[in-house]
Amino acid sequence: MLLVPCGTQTQERLGHPAAVCGWVLMSRLLKKLFWTMVAIPFVALFLGMILGPPVFFVMETVDLFKMRGTAVGTVENVRIDRRRSTSRAVIHYSFDVGQQRYVSERYLPGFAGNQGGWTGGAAHAEEFPVGRKVTVYYDPHSPDRCALEYGWFKWTIGFWLGLWSMLLRPAACDFTKRSSNKSKLLWCAANATLIYGIALIIAGPNAVRVRELGWHLLAWIAAFFVSLLVLLKKSRFNKNAEAYPIKEKQRKSLPSA
């Protein structure tokens, strides 16, 4: 049996050297397994959840800045790419720029909306029947960079906003201790962002179109005022609950007739 020097004091304290070295080897192996199979994948997943959406957002924004040209395209074919619980409509279309014909399957700018699948991702296939004329947005310097939608992928926006609002809400909930107007407004903003992000993912369009940003802003403002009304109602309820024991105590202290 291969023994690893474990130190005289450790051997004397735990007994037989072979048992000591075996325990040391086992503990080292368990630590390596923990970091390899648990800690490192968890950290990578957490960083991916935190940093992934902002990276996708930047990629999509860069594409939007570059895709300044428009052309009339034709839907050639549509197929559904189904996964276990997700799907995606793969729309095959063609368009002409000058004397050159281009063919693409890119539906959204960036990367996230053109790979894999998402819940309800095949629903918009009905909007693109074969033969339909569509508007294609493309980069004049590189027409292969193109898309059928001019906006951001809803999961990029919704997931990012929802995640960061959940991280902000604990800090904003300090209003219960400090009752400052700034913390109350921060709580309302975080809550409205969370509501908007979840609603966008569940019921929103696949693309947050640039021309529809005003409507999305109005939706967020509506969620903000709903959160504000809930906060005011909760504050009024807390004040009434605090005042009731005082009124009851004063009523009991009055002399009976």
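The numbers here are math on the coordinates, done by the rules we state, and not lab data. What you see is a predicted model, and the numbers here were worked out from it, not measured in a lab. Using ideal geometry, Cβ is built from the backbone for each residue, glycine included, and neighbour counts are taken over all protein chains shown.
Computed from label points 7 Å out along Cα-Cβ, the spacing between Phe111 and Arg79 is 2.4 nm. Classify region 59-149 as rounded, prolate or oblate from the Cα gyration tensor: take a ≥ b ≥ c as the square roots of its eigenvalues, call it rounded if a/c is under 1.5, otherwise prolate when a/b beats b/c and oblate if not. Since a/c reaches 1.5 but b/c is at least a/b, the shape of region 59-149 is classed as oblate.
Computed extension gain for Glu126 through Lys234, at 0.36 nm per residue and net of the alpha carbon distance, reaches 34.4 nm.
Just want to confirm a number: the relative contact order over region 59-149, from Cα pairs under 8 angstrom separated by 6+ residues, in percent. Could you put the intermediate results ahead of the total?
Values: 196 pairs, mean separation 35.3, N = 91.
Relative contact order for region 59-149 comes out at 39 percent.
A cut-off under 12 angstrom between Cβ atoms defines the neighbours of Val97, and their net charge, with Lys, Arg +1 and Asp, Glu -1, is -1. Each label point was placed 7 Å from the Cα along the Cα-to-Cβ direction; for Gln100 and Arg211 their separation is 2.7 nm.
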